[in-house]
Amino acid sequence: MSDSTQKIPTREKVGYAMSDIATNFFFQSMILYQTRFYTDTVGLSAVAVGTMFLVLRLADAVFDPAVGAFADRTRTRWGSFRPWILWTAVPFGVIFWLVYVTPDVGPAGKLIYAYLTYTLVMMLYSANNTPYSALMGVMTGDASERSSLASYRFVGALVGQFIIQALPLPLVVKFGGGDSARGWAITMAIFGALIIVLNLITFASTRERVQSPPGDRHPLSDDLKDVLTCRPWLVMFVLTLLVFTMLVVRGSSSNYFFAYYLDQQQVRAFLGTVGLAGLGGEATGWKAMLDGLGLLVKPDSSNAAAVGLSLFFVVGSLVQIAGIILSKPLADRFGKKAVFLAGVTVTTAATLAVFAVGPTSVGLLFWLGVLWAVGWGPTVPLLWVMIADVADYSEWKTSRRATGFMYAGILFALKAGLSLGGALSAWIIDAYGYVPNVAQTGHALLGIRLGASVYPAIALGLVIVCLAVYPIGKAAGLRIQDELTARRKGFQAAVTP
């Protein structure tokens, strides 16, 4: 069986997914918690936080393509991309934990520490996740198998998302005992250790099959030219930037939305309907387990926002898992572009509708979260599979393959989206008059509502425009795959004695 059509064993697909569980411990915490951690726990101003996110993104601009270029040119007995997962596992986990440590060094010292640790964790994320993402493109050349592999990967991603959305806020309250800095440090030490273990599992359980064309030793300038003249890649770059900007603005604003906008007694009442409200006294049975994880609302509702937000995102994650499982058969039938476009359209409508949610309409907010996940779930694996398709498109056009460099550019857009989204989410609440840890004014609450609805919906609308001009539909993708398969068989025949 040729490399281009080789099937991937299920155990290898599961092993590949482990690293994306780890990635989502980092990624989702950046989306959901980091802005509020810096403003409410560390004590940095929203303007300083937003500026830090944007400045460090610009400073880190050259690192993603550099990693991609080095990974493409790495040659070891383990392959080109797997070694990077091994080399970065330990430092990535350790620095991730240090991001959530609050040193007692005064306001200026805390800001310097935040700049240092945030820079390091983003660099390590690039060094780990660029080769990891590119690995999918060389584990198999079969488009259907890639879709299957992506489905496993993003079920893993949602497992990580489920865990990181459900546990940190309640665990911070529980471990901190009123000291949120201590709670964050202990909680993220646990997740940092898991990042190390899960990356090592991925390294040990995967292999690389698709090789570069014979004699493909081209200069970095060719990679750069291929990327910047590749229309599908340019579209995916802008699309990725918009998607991750949207996710951060929505996720960060939702944190403030639950904490300051929603009526806390109504949140507690809603959680009581699903068995998450404590009645006082000592919990027993399954409620004792929930209480041990900090997932039971206290009678005074003091942790209602934390438990409510955790449940909100967990419900969305569970719905998304169904969408991810359906992503491959839907993409096989209708094409990746069509499925992505339909999903984003539903997601845009659900996001915009959140603006109509009142402070007591907790149930409506949850239903909109379910609708959001119905639309978003099938799209989650498709972005990364489409980038592998773009690498194929470039090889089809140029007879050169730069998988790592292609993914590095997209990861650059992802990180730019994380940072731009973080900056915008902080600047938005500051512009509307947000003050940490106090009741907010009506104008400040308006900013929080807009950040959770209208502003991310605008970004999603622009994603729809990008998909409309993306040139690789179902028919074109199959043509490229067939022609590359024939070309690779020709290469194998030429080098076989």
For residues in segment 416-458 being assigned to a loop (DSSP other than H, G, I, E, B) and among the aromatic types (F, W, Y), which is modelled with the lowest pLDDT? Y434
Residues to consider are V94, V138; find the one that is touching a residue at least 40 places away in the same chain (Cβ under 8 Å), surrounded by fewer than 18 Cβ atoms within 10 Å (Cβ to Cβ) and over 28 Å from F258 (Cβ atoms). V94
What pairs can you find where one residue is in segment 255-274 and assigned to a loop (DSSP other than H, G, I, E, B), the other is at pLDDT 90 or above and among the hydroxyl-bearing types (S, T, Y), and their Cβ atoms are less than 6 Å apart, with a gap of 6+ or different chains? D263/T360
Looking at segment 1-27, which of its residues are at pLDDT below 85 and part of a helix (DSSP H, G or I)? D3, S4, T5, F27
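Looking only at segment 86-115, count every residue that is part of a helix (DSSP H, G or I) and of a type in the set (D, E, K, R) and tell me the total. Walk me through how you get there before you give the answer.
Start the filter on segment 86-115 by keeping residues that are part of a helix (DSSP H, G or I), which leaves 86-99, 106-115.
The next check asks that each one be of a type in the set (D, E, K, R); those that pass are 110.
The qualifying residues number 1.
Could you say whether any residue in segment 49-67 is in a helix (DSSP H, G or I), charged (D, E, K, R), modelled with pLDDT under 90 and over 22 Å from G417 (Cβ atoms)? It would help to see each step written out before you state the result.
From segment 49-67, those in a helix (DSSP H, G or I) are 49-59, 63-67; that's our starting set.
Applying the additional criterion that residues be charged (D, E, K, R) yields 57, 64.
In the following step, the residues that additionally are modelled with pLDDT under 90 were identified as 57, 64.
This time we only want the ones that are over 22 Å from G417 (Cβ atoms), so: none.
No - not one qualifying residue is present in segment 49-67.
Hey, can you tell me all the residues within segment 326-347 that are touching a residue at least 60 places away in the same chain (Cβ under 8 Å) and surrounded by 18 or more Cβ atoms within 10 Å (Cβ to Cβ)?
The initial filter retains those residues of segment 326-347 that are touching a residue at least 60 places away in the same chain (Cβ under 8 Å), namely 327-328, 331-332, 334-338, 340-341, 344-345, 347.
S327, K328, A331, G335, K336, K337, F340, L341, V344, T347, listed by residue number.
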Count, please, the residues in segment 411-458 that happen to be touching a residue at least 40 places away in the same chain (Cβ under 8 Å) and on the phi > 0 side of the Ramachandran plot. 1
What pairs come up if the first residue lies in segment 184-209 and is in a helix (DSSP H, G or I), the second is among the charged types (D, E, K, R), and their beta carbons are under 8 Å apart, counting only those six or more places apart or on different chains? F203/R82; S205/R11; S205/E12
Condition check for M136: over 12 Å from F25 (Cβ atoms), in a helix (DSSP H, G or I) and modelled with pLDDT of 85 or more: no
Exception for L242 within (1) surrounded by 14 or more Cβ atoms within 10 Å (Cβ to Cβ); (2) modelled with pLDDT of 70 or more; (3) within 20 Å of M136 (Cα to Cα) falls at (3)
Contacts under 8 angstrom Cβ, first residue in segment 297-309 being on the phi < 0 side of the Ramachandran plot, partner among the acidic types (D, E), 6 or more apart: none
In segment 153-167, which residue that is of a type in the set (A, V, I, L, M, F, W, C) and either touching a strand residue (DSSP E or B) at 6+ places or on another chain (Cβ under 6 Å) or modelled with pLDDT of 85 or more (or both) is surrounded by the most Cβ atoms within 10 Å (Cβ to Cβ)? I164
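Listed here are the residues, each with its yes/no results for (1) of a type outside the set (K, R); (2) touching a Lys or Arg at 6+ places or on another chain (Cβ under 7 Å); (3) under 21 Å from N199 (Cα atoms).
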residue: L86; (1), (2), (3): yes, no, yes
residue: P103; (1), (2), (3): yes, yes, no
residue: G106; (1), (2), (3): yes, no, no
residue: I112; (1), (2), (3): yes, no, no
residue: T130; (1), (2), (3): yes, no, yes
residue: V138; (1), (2), (3): yes, yes, yes
residue: A157; (1), (2), (3): yes, no, yes
residue: Q161; (1), (2), (3): yes, no, yes
I'd like to know if segment 188-197 contains one or more residues that are of a type outside the set (G, A, S), surrounded by 22 or more Cβ atoms within 10 Å (Cβ to Cβ) and in contact with a Ser or Thr (Cβ under 7 Å, 6 or more places away or on another chain). no
Within segment 319-331, track down each residue that is in contact with a helix residue (DSSP H, G or I) (Cβ under 7 Å, 6 or more places away or on another chain) and at pLDDT 85 or above. V319, Q320, G323, S327, L330, A331
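Regarding A150, is this residue of a type in the set (G, A, S) and at pLDDT 90 or above? Lay out the reasoning, then the answer.
Numbers: of a type in the set (G, A, S): yes; at pLDDT 90 or above: no.
Taking the combined requirement at face value, the residue does not satisfy it.
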Taking segment 439-464 and keeping only residues that are under 16 Å from G417 (Cβ atoms), among the β-branched types (V, I, T) and surrounded by fewer than 21 Cβ atoms within 10 Å (Cβ to Cβ), one is left with I458
Condition first: touching a residue at least 24 places away in the same chain (Cβ under 8 Å), surrounded by fewer than 20 Cβ atoms within 10 Å (Cβ to Cβ) and assigned to a loop (DSSP other than H, G, I, E, B). Can you find one or more residues in segment 353-360 that meet it? yes
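The values are calculated or read from the model by the stated rules, or taken from the named source; none is laboratory data. Because the structure is a prediction, the values reported are computed rather than measured. Neighbour counts are summed over all protein chains in view; Cβ atoms, including those assigned to glycine, are modelled from backbone coordinates with ideal geometry.
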